[in-house]
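Q: Attaching a single structure in C-alpha cells format; questions to follow.
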Amino acid sequence: MLQINEIFYSLQGEGAYSGTPAVFIRLAGCNLSCDFCDTDYSLKSFSSIERVVEEVRRLGGDCPMVILTGGEPLAQNETLALITTLQNDGRRVHIESNGTIATELPLDVWLTVSPKERLNDTMAARANEVKLIVDKRVPLEWLQRFGERTAVFLQPEGNKPENIKLAIEAVKADPRRLRLSLQTHKMIGIR
Ligand code: SF4
C-alpha cells in the first residue's frame, strides 16, 4: 500500500514546467528531517496503486502530467510500480526529490532534484532539473555535482524580496547556467 498525504489537481508553479496543469500526488514520509522544512508530509491515508490512479482520473481527467512529490516520493517501496501504472494510463510522470535515494527511473520520467543536506551522485547525474533554494545565500556549492546540461533554477525561499534580489544577481552573473524560479502558485493563491 502507498502512504498518501494528499492528491490534488493544480498547476505546476515552479521550474521548467511552471504554468502546466498537473495532478499532484504527495506521498507521505521523508528520509530526511530538515529543520527548515515547512511541508506537511504526514500520513493521511493508505491507498492501493489502483485507487491512486482512479483518483488521478477523477480529479484531472485526461491531464497528461502527474507530479509525485513529498516528503520524499522515492522513499516508498511501491513508487516505481505507481510510476509504471501511471505511464500505462497515459500520464507523463514528474518526480520532485531530495536526490538522496539511488533509484533507477524510466528514461521518460522528469526528475527534479532539490538538494538538502546530502546528495546521491547517481541521482545528481539523472536529474533533468535542479532547484536550489536561496535563503539568505545562494548555495552554488551544489553546482559542481550536476552536469553542464542540467537546467539549474534558483528559487528564492518564500518569494522573499531579499532572496529574490540575491537570486537575480546570481542568475545575471552566470547567464549560461542559471535561471530564476519563483513560486508562482503562491503568488496567485493556489496550491
Ligand atoms: S527533504 Fe524536503 S520534505 Fe524532506 S524534510 Fe527536507 S525539506 Fe522537508
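Nothing in this text is a laboratory measurement; each read-out follows from the coordinates by a stated rule. Model, not experiment: these values are computed from the prediction. Cβ coordinates were reconstructed from backbone atoms using ideal geometry, including for glycine residues, and neighbour counts include every protein chain displayed.
Q: Name the residue that is surrounded by the most Cβ atoms within 10 Å (Cβ to Cβ), counting only residues in region 1-50 that are in a loop (DSSP other than H, G, I, E, B) and among the small types (Gly, Ala, Ser).
A: Ala28
Q: Starting from residues that are in contact with a helix residue (DSSP H, G or I) (Cβ under 9 Å, 6 or more places away or on another chain) and small (Gly, Ala, Ser), keep the ones in region 29-47 and report whichever is nearest to the ligand (Cβ to nearest atom).
A: Gly29
Q: May I ask you to list the residues in region 64-97 that are out of contact with any helix residue (DSSP H, G or I) (no Cβ under 7 Å at 6 or more places or on another chain) and surrounded by fewer than 17 Cβ atoms within 10 Å (Cβ to Cβ)?
A: Pro64, Asn77, Leu80, Thr84, Gln87, Asn88, Gly90
Q: Here's a follow-up. Hey, can you tell me all the residues within region 144-169 that are more than 22 Å from Cys37 (Cα to Cα), surrounded by fewer than 19 Cβ atoms within 10 Å (Cβ to Cβ) and not basic (Lys, Arg)?
A: Gln144, Gly147, Glu148, Thr150, Ala151, Ile168, Glu169
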